[in-house]
């Protein structure tokens, strides 16, 4: 999907829906809130929406790898889970540095979609082992029973390499370890 198409869809989804005056329901007998005047300007996207859109465009723009990696990480700093689907598409970037930046960004979200993306990376047969191990380490921060189950399943999955299985065992041990005291 084209980055500009994604950006346009985000703006449309972010703008509140406005109903024309002819299709508004008739007022009821109860006292209703005053309706906005028909001449009022249409609401514009918020500053958060604008920042998200700019970050999505910078992450998708052909640029040096450092710029793209920084743009991808900036998406995580915004903290908007709407960016997760766009981040997932960048996992297929041919540049390993961008892929690693995507996983770092996705790991910062505590969201069901972030957990799903990380689990899919671990289970995907064509993802490099380094990315699978990074995704396993990111699952620790999800702190859900399903993320823990994914890590435990990876530790015993014979389709995964022994390196990934050992990393899953180490992550599972971190999960069971008590928090460090100050």
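The values are calculated or read from the model by the stated rules, or taken from the named source; none is laboratory data. This structure is a prediction, so every number in the text was calculated from the model and none was measured. Note: ideal-geometry Cβ built from the backbone for every residue, glycine included; neighbour counts use all protein chains shown.
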From the list 105, 130, pick out the single residue that is part of a helix (DSSP H, G or I) and outside the structural domain of residue 52 (by TED's automatic domain parsing). 130
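What residue, of 69, 45, 88, is farther than 19 Å from residue 168 by Cβ, modelled with pLDDT under 95 and within 11 Å of the chain's Cα centre (by Cα)?
Residue meeting the stated conditions: 88.
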Apart from one, (1) within 26 Å of residue 163 (Cα to Cα); (2) in a loop (DSSP other than H, G, I, E, B) all hold for residue 62; the odd one out is (1)
Given the criteria within 20 Å of residue 70 (Cα to Cα) and surrounded by fewer than 16 Cβ atoms within 10 Å (Cβ to Cβ), does residue 95 qualify? yes
